[in-house]
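The next block holds one structure in the form of C-alpha cells; read it before the comments.
Only the coordinates and a few stated rules stand behind these numbers; no lab work does. Given the structure is predicted, the values throughout are model-derived calculations rather than measurements. FYI the Cβ positions are ideal-geometry reconstructions off the backbone, even for glycines, and counts take in every protein chain you see.
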Protein chains: 2
Amino acid sequence: MRVSQANGRPRQVLYRKGQPCADVSIVRNGWAFRFAITASGRRQILSFLLPGDLFSTSAVFGDRMHFSVQALTDVAYCGFNREDLQRLIFADPKVSRTFADVCSEQEAFSDDRIIDLGTRSAEERIGRLIIELMARLDRRGQVHDNMFHFPLKQQHLADALGLTQVHVNRVLRRLRESRIMELSNGVLKIFNTSAIRKLADMR
Amino acid sequence: MRVSQANGRPRQVLYRKGQPCADVSIVRNGWAFRFAITASGRRQILSFLLPGDLFSTSAVFGDRMHFSVQALTDVAYCGFNREDLQRLIFADPKVSRTFADVCSEQEAFSDDRIIDLGTRSAEERIGRLIIELMARLDRRGQVHDNMFHFPLKQQHLADALGLTQVHVNRVLRRLRESRIMELSNGVLKIFNTSAIRKLADMR
DNA sequence: CGCGCGGTTGAAGAACCTCAATTCGGGTGG
DNA sequence: CCACCCGAATTGAGGTTCTTCAACCGCGCG
C-alpha cells in the first residue's frame, strides 16, 4: 500500500473543496475540521477530526470532496492510495464490515448534528458538542480528571453550532458562573458532570 | 435475492428507531421521511424519501437504525434480504462503485442540510428545500410546468427546517404575496424560478 | 352536526444577532 | 525593557428573527 505523510500548521488548509486528490487522508495527530463557506460568506464547520479520523468516508470512492479541511492545531496526517485502499477494504469481508460500520457511524453523527441545529437551544448545542468531543477524546485516552486540551476558539464553536461568537461567549460565561464547566487557555474543565449531561440530554 | 413487499398509509410509521430488521428497505412509490424525536419531544425530520431511495445506506450493513421512518402519502416499499444484497453489491466492482456513489451523495445531502440549518434564514431554508425536492422530482419526471405534487404540510417543513409551523406559514405567505411560489392543496407552483433560485443560492 | 386537522392571523416575548468599544495576553521589533 | 500589535475574549446597547400562546376559520368526514 502506497502511503504518503504530511504535516499542517494551525489554520492551514489541508484540503480545498472540489480539488482532485489521489489519496485518502486520515488524521494521525492533532485536530482539524471539515467546513464549507456559503455564497454569503458564512462558514459552517461540518465536523471535527481527531487522530484516527478519515477526512471523509466518501473519499474512499471519489477523488474530490464537497468541503474543505483546515488544521486547528499542529497536525500530522497521511494519505493512502485510493485504489490500494479499496482493494484492502473489499478483499476482506471483515475489513469491509469495519469500514461499513465507520460509514454508518458517520451517518449517525451527521444526523445528530442536524437534530442539534434543528431543535436545540444554544446552551444545549454547546453542552452536547462538549460531551461528544469529550467522549471521542476519552476513547483516545486524552481526558484526565474531567479535563482536556481543547483547541477550539469561541469562533469555531459558533461556526459549528450555527451561533455567533458573541453569543457563544455569553453562554460560556453562564456555564462558568454556574460552575458547570470552564474553557480557558485551550483547556476545558468540567466541574459538574451531571449538570452538563442533563443540559445535553433534555430540555 | 429474497425480496419482500409492503405498503403504508399516510402517517403510518414504517420503521421504528432501534428495531432490528433483516431487510434493507427501499421506497418504490410515494413519499416518506426519516425522523427522530428528541428527549424534549420535538421532532426533527432528517430527510425526505422519494421513489427509489433507500431508507438508509447504513441499513445495508447494520440491522438497526438510529431514526424512524414515517409515510407521508400512500407508500409502496420493498425489503431486500441484507445478506443477499451485500453479496450483490460486493460481488461486482461496478455495483460496489454505484453503491459507494450513493453513500457519498447521502453524505453531501446531510452536510447541505447542516449548512442550511447552521447558516441560513427561514426564507433561504424553505427556498432551498423546495429547490432540492423539485430537482429530485424532476429526475423522476414528476415536475410539469414548474408545478408538482407536494404532500408536505407546513408542520413537516417546520420540523425539517428547524422552524415553527407558524413561522413557516408566514414565510409562505410572503413568498405567495411576492408571486414567487404558491403551495396549496398539496400542489406546489413556482411562478418565478429565478427569484427562488436567487433566494436559495445567496444572501 | 360536530370534530379534527391544517391553515391563518395577532400580540407579546424570548433567543439570538449586529455593531461597536474595551480588555487581555502573548509575541515582536525598536 | 518597553511600546506596539494582533488575535481572541468580553461586555453593552439596541435590533431582528423567530417563537409562543391563543384564537379563529375552512373543510372533509364520520
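Below is a table of values for the structure above.
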item	result
Test result for A:L133, more than 10 Å from DNA strand D (Cβ to nearest atom), aliphatic (A, V, I, L, M) and either surrounded by 15 or more Cβ atoms within 10 Å (Cβ to Cβ) or away from chain B (no Cβ under 14 Å) (or both)	yes
The listed residue being free of Cβ contacts under 8 Å to residues at least 12 places away in the same chain and at negative phi, out of B:F90, B:F99, B:F80, B:F109	B:F90
Verdict on B:D53 being more than 8 Å from chain A (Cβ to nearest Cβ), among the acidic types (D, E) and farther than 26 Å from A:G118 by Cα	no
Of residues in the range B:164-193 being within 12 Å of DNA strand D (Cβ to nearest atom) and outside any helix (DSSP H, G or I), the one nearest to the other protein chains (Cβ to nearest Cβ)	B:T164
Filter result for B:R197 (more than 16 Å from DNA strand D (Cβ to nearest atom), over 18 Å from the mean Cα position of the chain (by Cα), surrounded by fewer than 19 Cβ atoms within 10 Å (Cβ to Cβ) and not in a loop (DSSP other than H, G, I, E, B))	yes
Members of the range B:12-37 found to be assigned to a loop (DSSP other than H, G, I, E, B) and under 19 Å from the mean Cα position of the chain (by Cα), listed by number	B:Q12, B:R16, B:K17, B:G30, B:W31
Matching residues in the range B:143-163 - criterion: being within 12 Å of DNA strand D (Cβ to nearest atom) and outside any helix (DSSP H, G or I)	B:K153, B:G162, B:L163
Selection within the range B:66-77 - surrounded by fewer than 15 Cβ atoms within 10 Å (Cβ to Cβ) and in contact with a Ser or Thr (Cβ under 8 Å, 6 or more places away or on another chain)	none
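For every residue, the table says whether it meets (1) aromatic (F, W, Y); (2) buried (at least 18 other Cβ atoms within 10 Å of the Cβ).
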{"position": "A:I26", "(1), (2)": "no, yes"}
{"position": "A:G30", "(1), (2)": "no, yes"}
{"position": "A:F35", "(1), (2)": "yes, yes"}
{"position": "A:R43", "(1), (2)": "no, yes"}
{"position": "A:D53", "(1), (2)": "no, yes"}
{"position": "A:S58", "(1), (2)": "no, yes"}
{"position": "A:R64", "(1), (2)": "no, no"}
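Rundown of residues vs (1) of a type outside the set (V, I, T); (2) within 25 Å of B:D84 (Cα to Cα), yes/no style:
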{"residue": "B:V3", "(1), (2)": "no, yes"}
{"residue": "B:G8", "(1), (2)": "yes, yes"}
{"residue": "B:R11", "(1), (2)": "yes, no"}
{"residue": "B:Q19", "(1), (2)": "yes, yes"}
{"residue": "B:S25", "(1), (2)": "yes, yes"}
{"residue": "B:R28", "(1), (2)": "yes, yes"}
{"residue": "B:T38", "(1), (2)": "no, no"}
{"residue": "B:Q44", "(1), (2)": "yes, no"}
